[in-house]
1. Over the stretch 3-216, what is the relative contact order in percent, taking alpha-carbon pairs closer than 8 angstrom and at least six residues apart?
2. Taking trypsin sites (Lys or Arg not before Pro) as exposed when DSSP calls them loop (any state but H, G, I, E, B) and at most 11 other Cβ atoms lie within 10 Å, what is the longest stretch of the chain free of them, the sites themselves excluded?
3. Just for the Cα atoms in the stretch 145-244, what are the lengths along the principal axes, largest first, rounded to whole Å?
4. Pulled fully out, how much extra length does the chain show between LEU48 and VAL238, if you take 0.36 nm times their separation in residues and subtract their Cα-Cα distance?
5. Exposure proxy check: PHE93, PHE199, PHE19 ranked by fewest other beta carbons within 10 Å?
6. Over the C-alpha atoms of the stretch 26-169, what are the Rg and the largest Cα-to-Cα span, Dmax, in Å?
7. Taking the Cβ of VAL59 as the center, what net charge do the other residues with Cβ under 15 Å away carry, scoring Lys and Arg +1 and Asp and Glu -1?
8. Plugging the Kirkwood radius over Cα pairs into Stokes-Einstein for the chain, at a temperature of 10 °C and a viscosity of 1.306 mPa s, what D comes out in µm²/s?
Amino acid sequence: MNTAVTLLIPPLLTLVLAFALHILAGERAQRVGLVPVALSVLIGWIFLVRPGWVPVDDVSRILHIAVGASLLGLALDIFKPHRLITALLSAIFVLGSAYATVTGGLSPSVHLSLREGAVVAGLTVVAFLSLARLDTMRARSLSLMVLLTVLASGLAALSAIVGDDAVQGLAMGLAAALAGYFIFVAVTGSAVTDGLVRFAGMPILGMVWALAQRQPDLRLALLCVPLVLFAETTALRVPLPAARISALLYPLILAVLVSLPLVLAGLIAFVTTIP
């Protein structure tokens, strides 16, 4: 199948499902707002990218993380627990994902070395703080969708530079589905839920880890990626005209600011990985 046509499937499926839920369920659609994106991404990955279900490496493990994040996110959106409970459940999930990523599984019998324990702790803290930062942007749904979409696209570009087709396929599939949901949010003004933050955020973090492990020469470039989390703070300080056009200018400015660290990462990747 033509690559361009393949990439149209996730956003179109996301748009159709999101608008169908919006029309049929109204405000109640928020409780299952994660479903269109999760289904589109997982269907695209399973049938088009085919990373494999058995978690034998960092790439196939991303699929497990995404499925787990979708189930957790759906539960959070449906039951809407207290924020403290939400944070606790998210921390447990992040810790389990970090542990499985480092040890290759969730078996408690695995003996962790001091170094592995430190890596698990570090991954857990970084992932949890990253999700917390994304969570603070939920009140500005369009900004959050811009950041997530551009970030996933940037990881796809970095993967292409180093020739990592597996991670590139996963990142492109996620970016395409997020682009579809971005259009839905822009048209309807719908809010981004806890579930979507976790479903998009955790696989993105998994891709960064996978690239760092599979492509050691890319690690210096990947240090630029966390800078995207501060792009919105800068964008909010940019003076905009007090006119309706500012509603169009702001997402564009934010997209450019989010892209800057990714472009820098790409330049570093060219220097450090291309012979």
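1. Values: 258 pairs, mean separation 72.3, N = 214.
It rounds to 34 percent for the stretch 3-216.
2. Here the longest run is 1-236.
3. 46, 26, 22
4. Details: separation 190, 0.36 × 190 = 68.40 nm, distance 4.03 nm.
Contour length minus Cα-Cα distance gives 64.4 nm.
5. PHE19, PHE93, PHE199
6. 16.4, 51
7. Details: positive: ARG50, ARG61, ARG214; negative: ASP57, ASP58, ASP164, ASP165.
Net of charged neighbours comes to -1.
8. Calculated translational D: 83 µm²/s.
Where a number appears in this text, it was derived from the coordinates with a stated rule and is not lab data. If you're wondering where the values come from, they're calculated on a predicted model, not measured in any experiment. FYI the Cβ positions are ideal-geometry reconstructions off the backbone, even for glycines, and counts take in every protein chain you see.
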